Amino acid sequence: VLQHVRLPLLSPKFLVGTVGSDPLIKSDEECRDLVDEAKNYLLLPQERPLMQGPRTRPRKPIRCGEVLFA
């Protein structure tokens, strides 16, 4: 599930302080890799064009008519 979260778009403070320090994240290698990927994206702005992917693209805004309310 975490691979669908756009971690590189989080604020650095939240990524490091909250996400990166979470025991569940720390205990899983794949999760740590995703957090490291996000940190690299935030720390190396000159490399961002090479790091583009689904996790680095902001979500497209949706129109009100496209939202379903339950």
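Computed from the coordinates by the stated procedures, all read-outs in this text should not be read as laboratory data. Bear in mind that the values here come from a model prediction, so they are computed numbers and not experimental data. For neighbour counting, all protein chains shown are included, and Cβ atoms are generated from backbone atoms with ideal geometry for every residue, glycine included.
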When segment 1-25 is examined, which residues are found to be among the hydrophobic types (A, V, I, L, M, F, W, C) and in a loop (DSSP other than H, G, I, E, B)?
1, 5, 10
Residue pairs meeting the criteria (Cβ under 7 Å; at least 6 apart or on separate chains; first surrounded by 10 or more Cβ atoms within 10 Å (Cβ to Cβ), in segment 41-54; second assigned to a loop (DSSP other than H, G, I, E, B) and not aromatic (Phe, Trp, Tyr))
41/56
For segment 13-27, name all the residues that are surrounded by fewer than 14 Cβ atoms within 10 Å (Cβ to Cβ) and not β-branched (Val, Ile, Thr).
13, 14, 17, 21, 22, 23, 24, 26, 27
Filtered residues of segment 1-45 (kept if in contact with a Pro (Cβ under 9 Å, 6 or more places away or on another chain) and farther than 20 Å from residue 59 by Cα)
40, 43
Tell me, yes or no, whether segment 43-64 has at least one residue that is within 11 Å of the chain's Cα centre (by Cα), assigned to a loop (DSSP other than H, G, I, E, B) and of a type in the set (S, T, N, Q).
yes
Please go through segment 5-15 and give me each residue that is free of Cβ contacts under 8 Å to residues at least 40 places away in the same chain and within 18 Å of residue 51 (Cβ to Cβ), ordered by number.
10, 11, 12, 15
